[in-house]
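S.K.: If you scroll down you'll find the structure; I have some questions about it.
Read the figures in this text as sums done on the coordinates, not as results from a lab. Not measured: the values here are computed from a predicted model. Reconstructed Cβ throughout: ideal geometry from the backbone, glycine too, with neighbour counts over all protein chains shown.
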Amino acid sequence: MFYLSIRITIPEKLLIELKFNLMAQFVAFDQNVEVNKITIMSVVNSMEKGKETRIGILEKNGINVEKKEWYPQQNWLNAFKEIASTLGDMNLFLIGKAIIDSAKFPPINNLEEALRSLDIAYHMNHRLNGKVMFDSQTGNKMEGIGHYKLKEYNAAGKRAIMVCDNPYPSKFDEGIITQLVRKFKETASTESIKLDLTKETRIKGGHSCTYNIAW
């Protein structure tokens, strides 16, 4: 009996895609994507406690917010992963909340506009190959970082559904949505943002997370 040994060289782009399929969170879709400094500042400003520790994690992953305006998205995702493993998921939730006050957003007048503008804001704060991924003149968005999709909005029923298919951690997106709802809902009712576990989730290797929103 003879055995044939074959060595296969896999292109780097395919390796990245395979890695993404194995871990939907924390892996950039495109290694040429960058995120801006003001967005990254949400990690620093999420809360006073542990601030120096979070700054240290950023610096360990190649991010010094005093030096540049843009940083590789993968470096930021690596920092997120370390924050999750060392400080806990609640820190990701608080960073998501803080991003509403740190990142650039288009003008917003109400909750529906806030939820629909989230994908625009997401692209405004990232760039690919040196080009910002949202063009305010044409309204066009570049592909390469995924999306925040408002699938349903029911003003009368005070509920909505948001699908997030991006490489960021699930708890981070929950924080973003929570703060948007708190800031723009028109009633004093308590909001509820719940991950729909009946659908695929990034925490279980899926490509997206679906959030059921109520207020």
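S.K.: Straight-line reach from Lys199: which lysines have a Cα under 22 Å away, not including same-chain ones fewer than 8 places off?
M.R.: By straight Cα distance, Lys199 reaches Lys19, Lys149, Lys151, Lys158, Lys171.
S.K.: Percent of Cα-Cα pairs per 10 Å bin, from 0 to the last occupied bin, for the stretch 20-85, please list those.
M.R.: Computed distribution, short to long bins: 22, 55, 21, 2.
S.K.: Right, next: Please report the net charge: other residues with Cβ closer than 11 Å to the Cβ of Phe80, K and R +1, D and E -1.
M.R.: Summing Lys/Arg as +1 and Asp/Glu as -1 gives +1.
S.K.: Can you find, among Phe134, His207, Gly88, the residue sitting farthest towards the positive end of the charge dipole of the chain, where Lys and Arg contribute +1 and Asp and Glu -1 at Cβ?
M.R.: The residue sitting farthest along the positive end of the dipole is Gly88.
S.K.: Next question. Please give the helix 73-87 orientation as an angle from the longest Cα principal axis of the chain, in degrees from 0 to 90, rounded to the nearest 10.
M.R.: The angle comes out near 80 degrees.
S.K.: Taking amide H positions as placed 1.01 Å from N in the peptide plane, with prolines and chain starts having none, which residues 5 or more places from His126, or on another chain, fall under 5 Å of its amide H?
M.R.: Under 5 Å from the amide H of His126: Met133.
S.K.: Using only DSSP helix segments of four residues or longer, with each worth -39500 (n - 2.57), what per-residue ellipticity at 222 nm results for the chain after dividing by its residue count and rounding to 500?
M.R.: -13000 deg cm²/dmol
S.K.: Continuing with this model, one more query. Anything over 20 Å Cα to Cα? Flag those among Lys68/Lys141; Lys97/Lys194; Lys67/Lys141, in the order listed.
M.R.: From the list (Lys68/Lys141; Lys97/Lys194; Lys67/Lys141), the Cα-Cα distance tops 20 Å for Lys68/Lys141; Lys67/Lys141.
S.K.: Ok, one more. Could you tell me how many degrees, from 0 to 90 and to the nearest 10, lie between the Cα long axis of helix 89-102 and the main elongation axis, the longest principal axis, of the Cα atoms of the chain?
M.R.: On a 0 to 90 degree scale, this one is about 60.
S.K.: Here is a follow-up. What translational diffusion coefficient, in µm²/s and rounded to a whole number, does the Stokes-Einstein relation yield for the stretch 24-214 at 10 °C and a viscosity of 1.306 mPa s, taking the hydrodynamic radius as the Kirkwood radius over Cα pairs?
M.R.: Answer, rounded: 95 µm²/s.
S.K.: Among 129-136, 173-180, 111-118, how do they line up by average Cβ neighbours within 10 Å per residue, starting with the highest?
M.R.: The packing order, highest mean first, is 173-180, 111-118, 129-136.
S.K.: Rounding to the nearest 10 and keeping the result within 0 to 90°, find how far the Cα-based axis of helix 12-22 lies from the longest principal axis of the chain.
M.R.: In the chain, helix 12-22 runs at an angle near 60 degrees to the longest axis.
S.K.: Next question. In debye, nearest 20, what is the charge dipole magnitude of the stretch 65-215 about its Cα centre with +1 on Lys and Arg Cβ and -1 on Asp and Glu Cβ, if you could check?
M.R.: Computed charge dipole of the stretch 65-215: roughly 60 debye.
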